[in-house]
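Worksheet: the structure to be examined is printed underneath.
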Amino acid sequence: MLTAGCDIGALTTKAAVIRDGVILGCEVVRSRAKALQSATDVMDKLLGGLGIQYGHIDYCISTGYGRNLVPFAQRNMSEISCHARGAHWLAPSVRTVIDGGGQDCKAIRVDGQGKLSDFRMNTKCAAGTGKALELMARSLGVEVSELGPLSLQAKEPVIMNKPCCILMQIEVKRLVFEGRDRADIAAGANDMVAREIMHLVRDIGQENDIAVTGGVAKNVGLVRCLEKYLGVASVRFSVDTQLIGAIGAAVLAADRCWEAVADRSGDGATR
Amino acid sequence: MSAKAAIIDDSGPLAFEILPYTGFPQEAATAVMEKVLARAGAAHSKVARFLSTGFGGKAVPHSDGAVPDTVCLQRAVRKLNANVRTVINVGGHSFTVFHIDDTGGLGESAITDMCTAGMGMFLDVVSTALEISPDEMSGELSLSGKPLFIDNQCPIFAESEALSLINEGYDRCDVFAGVTSAVANKIAGLARRLGLKEEVAMVGGVAKNRLVKAILEKNLGIRFADLAGIDPQVVAAYGAALLAREGCSLDSQSLSSTAAERLHREGKP
């Protein structure tokens, strides 16, 4: 059985193809203006590389920001369900998924079957998101990707106390001018964002094991801060964490097929 | 977001200057002082006493002392209009409401310093995204007839919301008017929480925005007091100059601590 997942994000579009429980391939492209273009791009690239005809795919689920604009997908599902399913499929012990994106952040509870059971999402404030990291990195004069490695060299991390990302950025600027060590500032920035993310995790209730996914998972310093507050190490994935949504969509597509095979109706397993 | 300076002598104000900046407060302070001295035609050595205030007040080079902005505002407003009892101060990243009691002293105050909702920074982030200049912001543009409702309180989210409304084909004046009224409503909320005692004055850079003032007047059912025609953005600098003339630098330390004790700090809304 061959299934595909296509995750159309605001910044990048990801696709994954799985056959009988094995990942055949994954692909990431930069998102274009129209969701359909992005989806077509990523699927052409992935299927072309694998030498698979589109018609051979039994079921495709789209997810992400442009998920309802993909005509070749049989169904679309929320990225929250897909991240939950994907993380659980890759690491079945996962019960809590922290998914940190560019402008959103979610704490997701997964049950033993990989089904989404509850989630919390930031709705009012961008302080716990990649955007806050990006603004602070800009004030620090580094790329957002350097924030993690830089913060690991910190000796005395600064303590920031403004939970608004605009005010955080101003505070970083002030600290830079005061001549504080840049690694210490980077560590303080990661710590501040981690504390904001922890509000969501505490609200939903921490249940181990914990997976960190999305773009913020690439910041090793931030993940360490989260682990410090969580008191446990997070699950390590062998795949790029930004692909987990697409993989989850492909797994949900397979679930869907199995259901059809078992001739069970309703959408219980894929909700 | 900008540095302001005022020079006064015994006869009154000599010169005001406003300098928007994106760099560091220290550099902006030096630059704005040079400009205001040039405008007043005075040499730095002629300045008898020099106080600093505001977000970067402690960082100002050669200052004789840093005074909390609330104290400066209270001093200036008392001088400009003795009938004012409530001051609403909204700057780039300052947002305070405070009372002045009948003897002219500083009364209760409320501060929001954990979130940019309601601050000038909010307008700045969204106007940059919509490519609206500061002049347009306080001019005709913001007086659109039919402001759109903007849901988000975080400037980052409001920025995306405003951009998607524009992409959906809405007029940018209406979108920006929506953003402006969101800010005004946030200000009204804090003012109401502290309680309004008339007369009410509005100071700070956001007080230059006619739409914000109009919405606030309607929402709070008041007319803003006249402040003798002073630019609302330089009121704190003027207050610092008045305090400097009164020799406040000598006890600015004790002044800072009592004022700080009085400030009722508020958490994130």
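Nothing in this text is a laboratory measurement; each read-out follows from the coordinates by a stated rule. Because the structure is predicted, anything quoted here is derived from the model rather than measured. Neighbour counts are summed over all protein chains in view; Cβ atoms, including those assigned to glycine, are modelled from backbone coordinates with ideal geometry.
Structure values in brief
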{"item": "With at most 15 other Cβ atoms within 10 Å, longest stretch of chain B clear of loop trypsin sites (Lys or Arg not before Pro) (DSSP)", "result": "B:1-196"}
{"item": "Reachable aspartates and glutamates from B:K79, criterion Cα separation under 15 angstrom, eight or more residues apart if same chain", "result": "B:D9, B:D10, B:D101, B:D102, B:E199, B:D226, B:D231, B:E246"}
{"item": "Unsatisfied cross-links (Cα-Cα over 18 Å) in the set A:K115/A:K228; A:K162/B:K213; A:K45/A:K218; A:K106/A:K218; A:K124/B:K186", "result": "A:K115/A:K228; A:K162/B:K213; A:K45/A:K218"}
{"item": "Label-point separation, A:V176 to B:R210 (7 Å along Cα→Cβ), nm", "result": "3.8"}
{"item": "Highest-MSF residue in chain B out of B:F50, B:F149, B:F98 [GNM, Cα springs under 10 Å]", "result": "B:F149"}
{"item": "Rounded tilt (10° steps) of B:155-167 against the dominant C-alpha axis of chain B", "result": "40"}
{"item": "Highest-MSF residue in chain B out of B:A207, B:A40, B:A48 [GNM, Cα springs under 10 Å]", "result": "B:A48"}
{"item": "Distance between region A:1-41 and region A:101-162 - C-alpha centres, whole angstrom", "result": "24"}
{"item": "Neighbour-limited loop hits for trypsin sites (Lys or Arg not before Pro), region A:1-71 (at most 16 other Cβ within 10 Å; DSSP other than H, G, I, E, B)", "result": "A:R32, A:K34"}
{"item": "A:I244, B:I88 arranged by Cβ crowding within 10 Å, fewest neighbours leading", "result": "B:I88, A:I244"}
{"item": "Cα centroid of region B:26-46 to Cα centroid of region B:94-169, whole Å", "result": "30"}
{"item": "Computed FRET value (nearest 0.05) for A:S78 with A:N161, which takes r as the C-beta separation and R₀ as 22 Å", "result": "0.05"}
{"item": "Net length gained if the chain between B:N185 and B:A48 were fully extended (0.36 nm per residue, minus Cα distance)", "result": "45.1 nm"}
{"item": "Acute angle (nearest 10 degrees) that the helix B:210-220 long axis makes with the longest principal axis of chain B, alpha-carbon atoms", "result": "80"}
{"item": "Within a Gaussian network of chain B (alpha carbon springs, distance under 10 Å), most fluctuating of B:D113, B:D102, B:D64", "result": "B:D102"}
{"item": "Euclidean distance of C-alpha centroids, region B:220-248 and region A:195-265, integer Å", "result": "54"}
{"item": "Relative exposure of B:I215, A:I185, judged by other C-beta atoms within 10 Å (fewest first)", "result": "B:I215, A:I185"}
{"item": "In degrees, nearest ten, helix B:25-40 long axis to first principal axis of chain B (Cα)", "result": "70"}
{"item": "Within chain A, longest stretch free of exposed GluC sites (Glu not before Pro) [DSSP loop, at most 14 other beta carbons within 10 Å]", "result": "A:1-142"}
{"item": "Qualifying GluC sites (Glu not before Pro) in region B:165-242, DSSP loop, other Cβ atoms within 10 Å at most 10", "result": "B:E168"}
{"item": "Proxy reagent accessibility, fewest Cβ within 10 Å first, across A:C82, A:C225, A:C6", "result": "A:C225, A:C82, A:C6"}
